[in-house]
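For reference, the structure is listed below as structure tokens.
What follows draws every value from the coordinates through simple rules; no lab data is involved. These numbers were taken from a predicted model, which means no experiment stands behind them. As a convention, Cβ positions derive from the backbone with ideal geometry for all residues, glycine included, and neighbour counts pool all protein chains shown.
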Amino acid sequence: MIRDDALTLLHEWTLKDGLRKHAYGVAAAMRAYARRFGEDADIWGVVGLLHDFDYERYPDADNHPFRGAEELRRLGMEETLVRAILAHASYTGVPRDTLVAKALFAVDELVGLITAAALVTPDKKLEAVGVRSVIKKMKDKAFARAVNRDEIRLGAEELGVPLEEHIGVVLAAMQASAAELGL
């Protein structure tokens with residue numbers, strides 16, 4: 001599946017701007033990690049775009065990301081990539097046994113935290129966010145309560161990247177895509 005097809009599918013299934021922008025942020029982070037690890041940035045970006053595409057229709061753990069995985073299989077997506085999407089949700093029981101699966105899990109929650117950090121800056125811009133400010137926000141349990149800090153730490157650990165460096169990679173990727181993210 002190419003990016004244009006993934007965007008079409010994302011836009012068909014996801015109408016909320018915030019969820020679309022989350023997908024764009026995860027895709028940017030996935031492309032950055034693909035380049036870092038010598039993988040195909042286009043393919044990893046598609047995985048990032050589609051990891052939550054079914055969430056708006058199926059926001060419960062009984063269905064998300066399972067219904068999306070069914071659709072992706074129907075469309076012919078490679079099984080390794082479908083499994084990576086399934087594995088980004090710990091409750092699925094699908095192991096994160098590939099680099100793409102580990103990367104997706106590692107960036108998903110962090111993109112949410114970085115987005116929240118940008119939204120509380122005076123100009124609501126990613127350029128005003130730094131690694132240290134993200135770490136500070138991560139320690140503040142009252143800030144962006146829905147973001148799972150344990151998953152951010154575990155994701156960096158599973159990926160084999162120190163947390164501060166991991167935050168830097170994801171933040172830089174998001175900053176490079178700030179216009180698309182509206183930040």
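Hey, which of these cross-link pairs are over 22 Å Cα-Cα: K21/K137; K102/K136; K16/K137? Provide the component values of the computation, followed by the final result.
Working: K21/K137 20 Å; K102/K136 24 Å; K16/K137 25 Å.
Violating the 22 Å limit, Cα to Cα: K102/K136; K16/K137.
3J(HN,Hα) couplings calculated from phi for segment 164-176 with the Karplus curve 6.51 cos²θ - 1.76 cosθ + 1.60 (θ = phi - 60°) are, in sequence order, 4, 5, 4, 4, x, 4, 5, 4, 4, 5, 5, 4, 5 Hz; Gly and Pro show x.
Given q = 0.14 Å⁻¹, what are the Debye log10 I(q)/I(0) values for segment 3-181, with equal point scatterers placed on the Cα positions and solvent ignored? Values returned for q = 0.14 Å⁻¹ are -0.69. Going from the residue with the fewest nearby Cβ atoms within 10 Å to the one with the most, M174, M138 rank M138, M174. With the convex hull of the Cα atoms taken as the outline of segment 51-103, the averaged projected area works out to 3.3 nm².
Once you keep just the Cα pairs under 8 angstrom separated by 6 or more residues, what percentage relative contact order results for the chain?
Numbers: 248 pairs, mean separation 41.9, N = 183.
Dividing the mean separation by the residue count of the chain yields 23 percent.
From the alpha carbon centroid of segment 1-45 to that of segment 114-143 is 22 Å.
A straight Cα-to-Cα reach below 15 Å connects K141 with the aspartates and glutamates E109, D150, E151, residues fewer than 8 places away in its own chain not being considered. Compute the acute angle (0 to 90°) between the alpha-carbon long axis of helix 41-50 and the principal axis of greatest extent of the alpha-carbon atoms of the chain; round to the nearest 10°. Helix 41-50 and the main axis of the chain meet at about 90 degrees.
Each residue of segment 68-73 is assigned a 3J(HN,Hα), and the resulting list reads x, 4, 4, 5, 5, 5 Hz, derived from the Karplus form 6.51 cos²θ - 1.76 cosθ + 1.60 (θ = phi - 60°), x at Gly and Pro.
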